[in-house]
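To keep things clear, I will list the structure first and then write my remarks on it.
FYI, it's all coordinate maths here, none of it is from the lab. Just so we're clear, the structure is a prediction, and the values are computed from it rather than from any experiment. Glycine gets a Cβ as well: all are built from the backbone with ideal geometry, and neighbour counts include every protein chain shown.
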Amino acid sequence: MTPAAAPTLPGVERIIVTGGTVLDGTADVPGAKNSVLKLMAASLLAEGRTVLEGVPTIVDVRIMAELLRRLGAEVEHDAASRTCVVDVPAEVGHRADYELVRAMRASISVLGPLTARLGRADVAVPGGDAIGSRGLDLHVEGLRAMGAEVHVDHGYLVTQAPPGGLHGADVHLAFPSVGATENLLMAATLADGRTTLQGVAREPEIDDLVDLLVAMGAQVGGRGTSRLVVDGVRRLGAVRHTVVPDRVVAGTWAYAAAVTGGRVHVRGGRLEHLGMVADKLRAAGAEVDAVADGFVVRGPRRPRAVDVATLPYPGFPTDLQPFALALAALADGSGVLTENLFEARFRFAHELERLGADLVVDGSHVLVRGRPSLSGAPVEASDIRAGAALVVAGLRAEGTTEVHGVAHVDRGYEDVVASLRGLGADVRRDVAAVPDERLGGVLG
Ligand code: EPZ
């Protein structure tokens, strides 16, 4: 009699990578996750239909759409045309639920628009995540400087503007926080008077938000610099806007070329947003050339070791650090990587060790001694970029790499498997049966 199969739980998705392919082909770049989420939040500043183009079909966009629906907006996202319409009514809600904020920290970016438009907001405090503590003090200090009363109540950040609404202020950011810059910029657009924001973030996603706000009728000066000057207006109008391309996705495809020694045409990527990244790839031996509709990366047969330190833009982006680490693990020589933004972003390094990487983590530094190749193993993604970097590292590992925690990757990449298969990679998704431990092998 054939023994009964062990009972299993509903499967767990994983990405299976078989290493050894030298990539060759074209990969596309959609609009930036780290811009579109804020553009969707900014739509709350004006009654009417905001139309965003180039919107990727990723989990985080779905979460933001759900958040806006719960605030009273209608949201339609057409995946085929990558168009998202946010129709904001005259009256919107002021509470962003814990359930959604917990799923996506970027939900905090409704704080500024709601406080400015309604004079109040209740937004669940996101707390830390896999990459670090993720403070909010700069958001709070800035809103207080604009006259808001801000406190935490039962896990919610509660803001209350003064009777006449927020007023202009001089705000100095102690650190060029992306999120704080965006929230304070959006809040200042409807504040009474002039707000000067000094020491702000200069990421291309900030410029994209400034472009949307100005198109909506906001008065913002200093685009692209570390000092933004905002003269508040009484009302903004809903507009149509195309999202800036995703430089982190573009960088992912660039590193995939470098790690496999392949050639990738990054279609729709903006090389000017990846200056420091291109420098580091060239220093590692890659060729990086701009072309009419993006850029092309030709990876070296064996990368040279380079040191990388993450910094706010235009420094090396922390979101591409895991990819630089994967490349360093394959380099000819030793390199040091330094993470200056998120204290826990080297958790990923230990998963890379499972693929045979030779490295030592020491606080915010990792010393990596490069090896000719890695060997496939089951690994676990702890966040979006770590997950994608494990898939890319698996492309250069002997045998099979199983990446678990795929849900993280889906938060920031449209269909990483299809994109890499389009470059010739042997990658697939599957659902692994999970033995039902509750039975503890009774039938074993
Ligand atoms: C944005 O996060 C991005 N997320 C992150 O990308 C990116 O890594 C980060 O900017 C830096 O470029 C989105 O845009 C949705 P910060 P954000 O405020 O806004 C500290 C990805 O993989 N800080 O610039 O949260 C904070 O703790 C994600 O796509 C305070 O101390 O980043 C961190 O150490 C991961 N107090 C540092 O500043 C504050 O009030 C940078 O944070 C605010 C921030």
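Couplings 3J(HN,Hα) for region 169-174, derived from phi with the Karplus relation 6.51 cos²θ - 1.76 cosθ + 1.60 (θ = phi - 60°), are 7, 9, 10, 10, 8, 5 Hz, where x marks Gly and Pro. Amide H contacts under 5 Å for G132: A344, restricted to partners 5 or more places along the chain or on a different chain, H placed in the peptide plane at 1.01 Å from N.
May I ask you to sort T26, T195 by Cβ crowding, counting other Cβ atoms within 10 Å and putting the fewest first?
Listed from fewest to most nearby Cβ atoms, that is T26, T195.
For D426, nonlocal amide neighbours, meaning residues 5 or more places apart or on other chains whose placed amide H falls under 5 Å from its own, are T18, T21. Compared with the direct C-alpha span, the chain from R421 to R234 gains 62.3 nm at full extension, assuming 0.36 nm per residue.
If the chain between R49 and A174 were fully stretched, how many nm would it gain, using 0.36 nm times the residue separation less the Cα-Cα distance?
Values: separation 125, 0.36 × 125 = 45.00 nm, distance 3.57 nm.
Net length gain for the segment: 41.4 nm.
Please compute the length gained on full extension between V336 and V214, using 0.36 nm multiplied by the number of residues separating them and subtracting their Cα-Cα distance. Don't jump to the answer; show the numbers that get you there.
On the way: separation 122, 0.36 × 122 = 43.92 nm, distance 4.16 nm.
Full extension from V336 to V214 adds 39.8 nm.
Across region 39-45, coupling constants 3J(HN,Hα) worked out from phi with the 6.51/-1.76/1.60 Karplus curve, θ = phi - 60°, read 5, 5, 5, 5, 4, 5, 6 Hz, and Gly and Pro carry x.
Computed 3J(HN,Hα) for region 364-375, one whole-Hz value per residue from the Karplus formula 6.51 cos²θ - 1.76 cosθ + 1.60 where θ = phi - 60°, is 8, 10, 10, 9, 10, 9, x, 10, x, 7, 10, 10, glycine and proline marked x.
Between G112, G262, G422, the residue with the greatest mean-square fluctuation in the GNM of the chain (Cα pairs under 10 Å linked by springs) is G422. DSSP assigns beta bridges within the chain; of those with both partners inside it, close to 75 percent run antiparallel.
Let me know the charge dipole size of the chain about its Cα centre in debye, to the nearest 20, where only the beta-carbon of Lys, Arg (+1) and Asp, Glu (-1) is charged.
520
For the chain, the mean residue ellipticity at 222 nm estimated from helices alone is -8500 deg cm²/dmol, where every DSSP H run of n ≥ 4 contributes -39500 (n - 2.57) and the total is divided by all residues, rounded to the nearest 500.
Between D430 and R194, the modelled label-to-label distance comes to 6.5 nm, taking each label 7 Å out from Cα in the direction of the beta carbon.
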